[in-house]
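This report refers to the structure that appears directly beneath it.
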Amino acid sequence: MNFDELKLLIEELLDQNRTLVYENFNDKSDQILIDAELVSELLETLQKNISNKNLQKETLKQILREVFHLQSQDLIIFKNGHIFIKLVSKLEQKVPQGRKSTKEARYNGFDEKELISFYNEFCEDENVKDLIDEIAVKFVNKYIIQKGISNDEYEKKVFAFIKDLFYEFLQKRFDNQDEFLHGFSGYIFRINFESVFSKIAETMLEKIAKGNQKVVAFLEYYSHEVVIQNGQKYRIPTIESSNGHKWKIVSIIPIVRVYFATLENITQIKSKIDNLSKEIAKIGKSQNGHSLIDTQKEIKQKIHTLVEELNTKLTTIEKLRKEMIMKKLSQTEKRELQKRMTFEKNEAEKIKSEKQRYEKMLLSNAALAKYQKLQRELDALKRELRNKTRLLEQNSPAYKEIKAALVRALIQKKKKIVS
């Protein structure tokens, strides 16, 4: 089935389900919502002709653009099963008089209220955090390590570089290129300014902890207080803590090495603990807060008690049987004796069933041996985790102080010293 035929099918479905298409969504004339129920039906229709899920979504986007006569800057967003259409083309783009390029205007001339609304509508905290993490890592890798930019170039262009990275990631997410996303890139960077530089600082410290010499060289700049360039003296922003202590790169490296090595060890130990716990759970689960060994002892004791009860019952039954044979009994006495025997036999069967149930709960000697071995390993790992956690707690204050001081240095510029 070709594109035009698929488009016709989608148009028919949209027309048949008009009640599931909400124009002026949230009382905004620039928003349309297509309900998740209808979105699911639209994708199922495309699935019959297109197997690739990403291609299904891309095809649906293309069809919706034509059906709703969308402009190139309008956004189509998949969220929580729904489809949101943001009619960016309807938004007013205010550009200060006399400016030819919207890049010269704050947020590319878009009203901040519109950007706030868009942020609140389509940006979830967890997604924004992930975006910031990706951008910070990409910035350090691309500009500090791969391109090896100078500290001068960093001071001049860092904000532009980061804004461009926001635009690059948002463009991929929303599958669009337009002035609105340019403006939104600036807005999302501004309101997450501290978080972005905090993650950049963290990424740089992790790199020097692992011995990356390009990042070491870049941060060495902040160990100087004064530099001379073209005969002019400049005061350098130093890595200075709130109590006035100035950190040099040589004193930073040992601390961050211990911090990140310990953090990595903790992650590895937790992973091992998780895997061991799963292995132990396959053997059997502890009960009532007791270890599996204690539980097995309790089961054995219960079986022993049941065996004694069963023997007592069998002895009673045997006595009753002998009494039935040896004594001359009336019919009434025989009936009563028979009732007692039947009752005791039923009780004995109940005890047997209970004993068998507990016997099934007993583990083999091999399984118990494996459990004990795994449990010893688990206990050792938990001790190691406690030790590493204490080490991290001891190291954290110094690391946090360095990180906060580095953030302050990274957002400042050198200042000319006037004689």
Can we say GLU377 is free of Cβ contacts under 8 Å to residues at least 24 places away in the same chain, touching a helix residue (DSSP H, G or I) at 6+ places or on another chain (Cβ under 9 Å) and of a type in the set (D, E, K, R)?
no
Test result for PHE193, crowded, with 19+ Cβ neighbours inside 10 Å and at pLDDT 90 or above
no
Counting just the residues of the range 249-303 that are at pLDDT 85 or above and small (Gly, Ala, Ser), which one comes out farthest from THR238 (Cα to Cα)?
SER277
Quick one: how many residues across the range 59-73 are without any contact (Cβ under 8 Å) to a residue 40 or more places away in the chain and either charged (D, E, K, R) or surrounded by fewer than 18 Cβ atoms within 10 Å (Cβ to Cβ) (or both)?
4
Taking the range 79-91, which residues are in contact with a strand residue (DSSP E or B) (Cβ under 8 Å, 6 or more places away or on another chain) and not in a helix (DSSP H, G or I)?
HIS82, ILE83, PHE84, ILE85, LYS86, LEU87, LEU91
Restricting attention to the range 313-362, report how many residues are of a type in the set (S, T, N, Q) and within 60 Å of the chain's Cα centre (by Cα).
3
Would you mind finding the one in LEU337, LEU363, LEU320, LEU381 that is surrounded by 15 or more Cβ atoms within 10 Å (Cβ to Cβ), touching a Lys or Arg at 6+ places or on another chain (Cβ under 7 Å) and at pLDDT below 90?
LEU320
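The values are calculated or read from the model by the stated rules, or taken from the named source; none is laboratory data. Every value quoted in this text rests on a predicted model; they were computed, and no experiment measured them. Note: ideal-geometry Cβ built from the backbone for every residue, glycine included; neighbour counts use all protein chains shown.
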